[in-house]
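Laboratory data are not the source of any read-out in this text; all were calculated from the coordinates shown. Computed from a prediction, not measured in an experiment: that's the story for all the values here. Cβ coordinates were reconstructed from backbone atoms using ideal geometry, including for glycine residues, and neighbour counts include every protein chain displayed.
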Amino acid sequence: MDEILQVRHLKQTFPRRDGTEILAVDDVSFDVYKGEKLALIGESGSGKTTVAKIIALLLEPTVGQVLLAGEDITRAKGKKLKKAYTRMQMVFQNPVDSFDPRCTLGDGIGESLINQGKSSGQAAQITQNLLALCGLGAEFAHRYPHEVSGGQCQRAAIARALAIEPDLVILDEATSALDVTVQAEILDLLNRLQEDRGIAYLFICHDIALVQDFCDRVIVMHEGRIVEEGIPDDVIQRPQQAYTRRLIDSVL
Ligand SMILES: Nc1ncnc2c1ncn2[C@@H]1O[C@H](COP(=O)(O)OP(=O)(O)OP(=O)(O)O)[C@@H](O)[C@H]1O
Ligand SMILES: [Mg+2]
């Protein structure tokens, strides 16, 4: 299988006020294959978001490499950074914060298209198509982030992430704040996109039942390290580590 993402020996420390260090991520390595839905689970504070931020180039790791489609992007700046964002996008838990409150959703979605050199007419047309794909009517292009519901804003955030036709989308608790019905609709949408476009997902989530349903493979993190990895059914039914057993027992 072909890797879209290779994460190699990531380590992230943060300074504490007393001069000691927090070891948030400790020698984490894994791959995401093209078109794969990979889950990253683990208790609060285990380092999931830190790993996601390093991959999404929002944080420089203390040690380690991130390769996107075989190219080292770890400390990418300028042109290289822009190029990486044409293949990789991230959707956060709170989409309202990731849109500029002064711009309409349509402007937010179209921005990357304009940056890519599309005319404003072309960008508007593609934006309409993306909104429709994500189950939002054309009028949503003219609404501001505070004028839509959480679920609608999350759909718009997914539409924006898809605008540049990425190969990889990182979703950090992207559906956690939504009610069960909206969550199911969004997962349906993500599944369709994976099937139609072969997009890969790194899906960070607390909900083990959802991981079992939605993902092809799961990685379990504990205190900054990967402690287990496998097919969700196997990991959930036959966890090899006591920590994974406790994590599963605490949520099921
Ligand atoms: N900017 C920062 N400065 C200092 N410590 C940080 C920083 N970001 C994260 N940490 C610490 O790193 C550790 C891992 O945090 P991280 O946000 O990656 O956890 P998480 O697995 O995403 O947790 P959650 O499930 O609650 O979102 C925690 O101990 C956290 O307090
Ligand atoms: Mg987190």
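Under the criterion of Cα pairs below 8 Å and six or more residues apart, the relative contact order for the chain equals 26 percent. Where the centre of each part is set by its Cα atoms, how far does the stretch 1-24 sit from the stretch 96-142, in angstrom? Their Cα centres are 34 Å away from one another. For each pair in Lys53/Lys118; Lys11/Lys79; Lys34/Lys77; Lys53/Lys79; Lys37/Lys80, compute the distance between the two Cα atoms and list the pairs where it is over 22 Å. The pairs that break the limit, which is 22 Å between Cα atoms, are Lys53/Lys118; Lys11/Lys79; Lys34/Lys77; Lys37/Lys80. The magnitude of the dipole of the chain, with charges of +1 and -1 set on the Cβ of Lys/Arg and Asp/Glu and taken from the Cα centre, is near 860 debye. When the trypsin sites (Lys or Arg not before Pro) in the stretch 3-55 are filtered for DSSP coil states and for at most 10 other beta-carbon atoms within 10 Å of their beta-carbon, the remaining sites are Arg16, Arg17. Note on the chain: GNM, Cα springs under 10 Å; of Asp172, Asp107, Asp234, the largest mean-square fluctuation is that of Asp234. Go through Ile208, Ile219, Thr86 and say which Cα lies farthest out towards the positive end of the charge dipole of the chain; charges sit on Cβ, +1 for Lys and Arg, -1 for Asp and Glu. Result: Thr86, furthest along the dipole toward the positive end. Looking at the chain alone, DSSP beta bridges between its own residues are antiparallel in about 55 percent of cases.
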